[in-house]
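Please read the structure below before turning to the comments.
The values are calculated or read from the model by the stated rules, or taken from the named source; none is laboratory data. This is a predicted model, so every value here is computed, not measured. Note that we place each Cβ from the backbone using ideal geometry, even for glycine, and neighbour counts take in every protein chain shown.
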Amino acid sequence: MSDALSLSNDSRTVPIEVAPAEMAVQICDLNYYFGQGDLRKQVLYDVNLSLPRGQIVIMTGPSGSGKTTLLTLIGALRTLQEGSLQVLQHELVGMNQRELVEVRRNIGFIFQAHNLFESLTASQNVEMAVELMDDRRAKRQRAIAMLTEVGLAERVDYKPKTLSGGQKQRVAIARALVNQPTLILADEPTAALDKKSGRDVVTLMQNLAKEKNCTILMVTHDNRILDMADRIINLVDGRLETDEEIDHFMDNHNPKNLDRHMFMTL
Amino acid sequence: MRTSLAWLNLTHEKTRLLVAIAGVAFAVILVFMNLGFLGSLSDTAAIAYGNIDAEIYLISPQALEITTTKAFPIERLYQASGIDGVKRVMPFYVGYLQWRNVETRQSRAMFVYGINPNDPVFLLPDLQKPDVQAALRRVDTVLIDRLSRPEFGPQATGTTTEADGRKAIVGGQYTLGGGFAADGSLLMSDQNFRRYFDPFPLNQINLGLIKLNDGVDPLSVVEAMRRTLPPDVLVMTSEQLIARDRDYWINATSTGFIFGMGVAVSCIVGVVIVYQILYTDISEHLKQYATLKAMGYRSSFLFNTVLQEAIILAVLGYIPGFIISVMLYELTVRATGGGLPVAMNLGRALFVLTLTVLMCVLSGLASVQKVTKADPADVF
Amino acid sequence: MVGLAVVLQPLTPHPVFPCVLPMRTPLAWFNLTYERRRLLTAIAGVSFAVLLMFMFKGFENALYDSQVQLLKVLNGDIIVVNRLKYTMFIPEQFARRRLYQAQAFEGVEAAYPLYTRDGAYWKNPETKAVRPLRVLAFNPNDPVLNIPEVLAKQEGLKLPWTAIVDEKSRAEVGPRSAGIVTEMAEQQIHVIGTYSMGTDFASANGNVIMSDQNFLRYFSDLGPEETERDLNTVDVGLLKLAPGADANAIAVALRQRLPNDISILTKPEFVAMELNYWRKNTSIGFIFTLLTTMSFVVGIILVYQILYTDVSEHWVEYATLKAIGYSNRYLLTVVMQQSLILAMLGFVPGYLIALVLYDATTNATGLLMNMTLGRALEILIATVSMCLISGAIAVRKVQAADPAEVFGN
């Protein structure tokens, strides 16, 4: 596991590191606070993390530990002032809104809820993502292709009202993956799915990681899919407590005896 | 007390509630304004007669309303004075004069009331002042209504101008107001009236005013007069005359149709606004309502909740609507220099309140269908 | 503007001509229209706000139009009135010899005197009730009014005690067809025909046309409390100019040379003067401007409500779009597109209902309620502004959608 080399905070000009193209995400001395002035509360403490391309990482931790916050920061959804956070070679610290929006387009988001538009068909919901890349010509074909990959070829023109919970989530995943992003951030992607669908989705993501060298960072409590990860990191009270390769993790943790705080069996 | 679900649902989202209240309020304002304008346009007679100290009036059957009267012989008034219960009879003359604005040199039709200065016709405080009384008796001297439109020009005592080509001096002011037909008025003695409206013999009058003794029932005296007097005069109480006048105005000038339609469409808009709010609220809380049903609440409970919401909205929207309407009435009176005497009255306030509640209840009923369809089984 | 163009393009990519670039998914359109009932309510709301504006503006215009409909059919290029007569309401006349003086000018081909009288009592032949009508009188040989039915009755009007009645007079005037015999100013009168004009404030009950000789018969010898008339004082003088003559120039010349106890106006100026009186010197302008403005505000509230509800309901989805990488600006365009769509969808039914209403009002009241292209455009612009303003206010809410909050709960 390659350790993150210390980068100077002002790394916007030239990224100087070993094999820079390998690192999808590079976090250095990250501190993050909510609120201002006297009410300021720190939620992330000295986070250092490097995620290489093509790695599948699962982030665990008790609720309130800051996992979601870290995810949103990596996803360029919040503005940062302190430390260094490089995502796909972009230094997010100090970026303005407009620049952050640009970065988001290269990231695929998968949420717990599907968040689809009721007024659009499955295909149209996916096309919304394709249109972002200004590819209108082939948008429908690409949408249909992606929906087929998640097993919804028969349902491309159905509206969410007529789809099951699992199907809706798969549409959302199709939307996230259709532009073949190099970084995928997922928040409990399988929570709403049954065992088989969950497995399928995860396999899909795995293939994407291997074929397209796409990095996946997933927050999850679902221990059925632990084995798909390359690496498991554990966040507790805003600090990175453990950061282990999967085999190491598996050796040291009997899934059956897992600390209830870390996992919930579904 | 059981928590009011209706109240909680409505107030849950502040912005939504404010928008809803604003919508209802403005619909209320529209209705008030339409009714207000309608009322003031036809109020000329009501204002004049309301300030006259008489209970019974004689007019020619050919008279349509206060500004289109036909003169009839004064004998009728003398005949009426002989009836039991009559305290006093007073002749009353009306007409239009072209009053010249001394500043702009332009003339405008001024409505004129002519009375015998010794008769206590008008109940206006200004007329009690001795200098005003003296002015009334002077030749070519008139009193002017302070609420006359600005286009009539200066109203200061001593202003000398022309009325129908004859010299006229302002001897004093009074405050009366008039509707659309008399957006400016003068008060003068009968002697002056004869001069300005020459040839106008004073034994022809436009209206006969009859004051009764205290405690006498006007209706019975009216009956008696109708029996006694020939049919070339009409006998009416002041309420009847005012109503007759109003009716004529409302129909003849189409203002009734116009503002009536204004009220109708405003109400429809109100219904649509409230329906929108209630429907959205129900849609958003469908799951919660279904859950309540699963818990055992009956449909009628939900029905009542929606109706309660409708009524709460009605009241919450009516209050600011009422207040702003009163302010707008004031603005209207100022902006038209008194020409449009719009005023709030209890009857109208209650009528609009009823209308508002009806409006909202109607929307409630329309949207309630959805809530009764909430299926508890869907929650799972 | 781009958004509007986007909405107007065909919805699906053309299968035969793949080179046609499919447009962006019209999210604004779909969000607005996918729920039938909601959409209908929204359209109803906007249409009625539009209707309110049409209604009040329409009534205002009707009142003005009615006042000048007589003026518009006067057959004169230049109008002469007493200087004090700045509105038809004012009963001032001028000396007839002024018309002879004007006739002597170059370019003036003919001069026609028109006599008017307000408040002539007409007896309803059936109910015997009397109503005050306005009488218009002139020499039947003079083509004073541009109304064919009037011109057709030229000979008939020369007979004594005859008149033709405006068929649009109010119902209370009673039956008015040719052959009716009744009383006017307490003397017998024979109706020999009808014409069509319409009522206004000055002649709220109706109009009657007769010859100048008949005018004398009825109004020159009255009781002591009435003002008498003779043909030497004229209410309105009409000057007919030679074809191609410059009315403005001649009017100026006349003003310079003739004494200033009269006003000389070209016909458009005369109409404008009358309109100006009603607009500025009566309460009508104030009343209807206030009512139309209120309707505008109600419209803003209505549309804002609709937009706000859409944004609230799709809060999470819009935030998700932001997370995916859509900019704030995109969401602003979605909201503004929705407001424009509402404007268009609401305007059409509002306009159509207004047409029906205008018709109904004209029939019920005799007022001239007219829809013109200009008036329709005026309200269309108001509708669009109304929706854009609501959109601008609603847009602030959509900007607050925070993508970071989509994560977690």
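From the residues in segment C:219-248 that are surrounded by 12 or more Cβ atoms within 10 Å (Cβ to Cβ) and among the small types (Gly, Ala, Ser), which one is modelled with the highest pLDDT?
So the residue we want is C:237.
Collect the residues in segment A:31-56 that are surrounded by fewer than 22 Cβ atoms within 10 Å (Cβ to Cβ), away from every other protein chain (no Cβ under 14 Å), aliphatic (A, V, I, L, M) and not in a helix (DSSP H, G or I), keeping them in residue-number order.
A:47, A:49
Please go through segment A:99-116 and pick out each residue that is in a helix (DSSP H, G or I) and at the interface with chain C (Cβ under 7 Å from one of its Cβ atoms).
Correct list: A:101, A:104.
For segment B:87-125, give me each residue that is over 29 Å from the mean Cα position of the chain (by Cα) and modelled with pLDDT under 90.
Within segment B:87-125, B:104, B:105, B:106 meet the criteria.
What single numbered condition from (1) among the small types (Gly, Ala, Ser); (2) touching a residue at least 24 places away in the same chain (Cβ under 8 Å); (3) not assigned by TED's automatic domain parsing to the domain that holds residue C:365 fails to hold for residue C:104?
Condition not satisfied by residue C:104: (2).
If a residue must be within 14 Å of chain B (Cβ to nearest Cβ) and either of a type in the set (Asp, Glu) or exposed (fewer than 14 other Cβ atoms within 10 Å of the Cβ) (or both), how many such residues does segment C:365-409 contain?
Within segment C:365-409, residues that are within 14 Å of chain B (Cβ to nearest Cβ) and either of a type in the set (Asp, Glu) or exposed (fewer than 14 other Cβ atoms within 10 Å of the Cβ) (or both) number 2.
Would you please name the residue that is farthest from residue C:261 (Cα to Cα), looking only at residues in segment B:84-130 that are basic (Lys, Arg) and surrounded by 16 or more Cβ atoms within 10 Å (Cβ to Cβ)?
Looking at the filtered set, the residue picked out is B:108.
Which one of C:304, C:330, C:358 is more than 30 Å from residue C:73 (Cα to Cα), away from chain A (no Cβ under 14 Å), among the aromatic types (Phe, Trp, Tyr) and part of a helix (DSSP H, G or I)? Can you show your working first?
Working: C:330 fails: away from chain A (no Cβ under 14 Å); C:358 fails: more than 30 Å from residue C:73 (Cα to Cα).
Step by step, each of C:304, C:330, C:358 is checked, and only C:304 is more than 30 Å from residue C:73 (Cα to Cα), away from chain A (no Cβ under 14 Å), among the aromatic types (Phe, Trp, Tyr) and part of a helix (DSSP H, G or I).
Here are some conditions: (1) touching a Phe, Trp or Tyr at 6+ places or on another chain (Cβ under 7 Å); (2) crowded, with 24+ Cβ neighbours inside 10 Å. Residue B:339 meets all but one. Which one does it not meet?
(1)
Tell me whether segment A:177-198 contains one or more residues that are over 26 Å from residue A:117 (Cβ atoms), of a type in the set (D, E, K, R) and either modelled with pLDDT under 85 or surrounded by fewer than 16 Cβ atoms within 10 Å (Cβ to Cβ) (or both).
yes
Starting from segment C:138-155, keep only residues that are more than 19 Å from residue C:77 (Cβ to Cβ) and in contact (Cβ under 8 Å) with a residue 12 or more places away in the chain, then list their pairs with residues that are of a type in the set (Gly, Ala, Ser) and assigned to a loop (DSSP other than H, G, I, E, B) whose Cβ atoms are within a distance under 8 Å, requiring at least 6 positions of separation or different chains.
Every condition considered, the pairs that remain are C:149/C:196.
Mind checking which residues of segment C:71-92 are within 25 Å of residue B:99 (Cβ to Cβ) and at pLDDT 90 or above?
If the condition is that a residue be within 25 Å of residue B:99 (Cβ to Cβ) and at pLDDT 90 or above, then C:71, C:79, C:80, C:81, C:82 are the ones that fit.
Assess whether residue C:260 counts as being outside any strand (DSSP E or B), within 32 Å of the chain's Cα centre (by Cα) and among the polar types (S, T, N, Q).
Against the criterion (outside any strand (DSSP E or B), within 32 Å of the chain's Cα centre (by Cα) and among the polar types (S, T, N, Q)), residue C:260 does not qualify.
Got a number for residues in segment B:126-168 being under 25 Å from the mean Cα position of the chain (by Cα) and either on the phi > 0 side of the Ramachandran plot or without any contact (Cβ under 8 Å) to a residue 24 or more places away in the chain (or both)?
Residues meeting the conditions: 0.
Please enumerate the residues belonging to segment B:71-117 that are farther than 18 Å from residue B:193 by Cβ, among the β-branched types (Val, Ile, Thr) and within 12 Å of another protein chain (Cβ to nearest Cβ).
Within segment B:71-117, just B:104 meets the criteria.
Inspect all residues belonging to segment B:288-299 and state whether any of them is of a type in the set (Gly, Ala, Ser), within 14 Å of chain C (Cβ to nearest Cβ) and either at negative phi or within 42 Å of the chain's Cα centre (by Cα) (or both).
no
Filtering segment C:135-180 down to residues that are assigned to a loop (DSSP other than H, G, I, E, B) and within 24 Å of the chain's Cα centre (by Cα), which residue is surrounded by the most Cβ atoms within 10 Å (Cβ to Cβ)? Talk me through it step by step, then tell me what you get.
Quick first cut of segment C:135-180, residues assigned to a loop (DSSP other than H, G, I, E, B) only: C:139-144, C:146-147, C:153, C:158-161, C:167-170, C:174-180.
In the following step, the residues that additionally are within 24 Å of the chain's Cα centre (by Cα) were identified as C:146-147, C:167-170.
Details: C:146: 12, C:147: 18, C:167: 17, C:168: 21, C:169: 25, C:170: 19.
So the residue we want is C:169.
I need the full set of residues from segment A:167-224 which are more than 22 Å from residue A:87 (Cα to Cα), of a type in the set (D, E, K, R) and part of a helix (DSSP H, G or I), in order please.
A:168, A:170, A:195, A:196, A:199, A:200
When only residues in segment B:300-331 that are crowded, with 23+ Cβ neighbours inside 10 Å and within 13 Å of chain C (Cβ to nearest Cβ) count, which is farthest from residue B:46 (Cα to Cα)?
Selected residue: B:313.
Restricting to segment B:1-33, count the residues that are more than 10 Å from chain C (Cβ to nearest Cβ) and not in a helix (DSSP H, G or I).
Number of matching residues: 4.
Listed here are the residues, each with its yes/no results for (1) hydrophobic (A, V, I, L, M, F, W, C); (2) part of a helix (DSSP H, G or I); (3) modelled with pLDDT of 95 or more.
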{"position": "B:304", "(1), (2), (3)": "no, yes, no"}
{"position": "B:307", "(1), (2), (3)": "yes, yes, no"}
{"position": "B:312", "(1), (2), (3)": "yes, yes, no"}
{"position": "B:320", "(1), (2), (3)": "no, yes, yes"}
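Would you call residue A:94 among the small types (Gly, Ala, Ser), within 19 Å of the chain's Cα centre (by Cα) and in a loop (DSSP other than H, G, I, E, B)? Before you say what the answer is, go through the steps one by one.
Working: among the small types (Gly, Ala, Ser): yes; within 19 Å of the chain's Cα centre (by Cα): no; in a loop (DSSP other than H, G, I, E, B): yes.
It is false that residue A:94 is among the small types (Gly, Ala, Ser), within 19 Å of the chain's Cα centre (by Cα) and in a loop (DSSP other than H, G, I, E, B).
Taking the stated definitions as given, is residue B:171 modelled with pLDDT of 90 or more, more than 14 Å from every other protein chain (Cβ to nearest Cβ) and at positive phi?
No: the conditions fail for residue B:171.
Scan segment B:132-145 and give yes if some residue there is modelled with pLDDT under 90, of a type in the set (Asp, Glu) and either assigned to a strand (DSSP E or B) or farther than 20 Å from residue B:53 by Cβ (or both), otherwise no.
no
Just to verify a result, which residue in segment A:117-137, among those that are more than 7 Å from chain C (Cβ to nearest Cβ) and not polar (S, T, N, Q), is farthest from residue A:150 (Cα to Cα)?
A:134
Can you name the residue in segment A:71-98 that is within 11 Å of chain C (Cβ to nearest Cβ) and surrounded by fewer than 18 Cβ atoms within 10 Å (Cβ to Cβ) and, of all such residues, is nearest to residue A:216 (Cα to Cα)?
Result: A:78.
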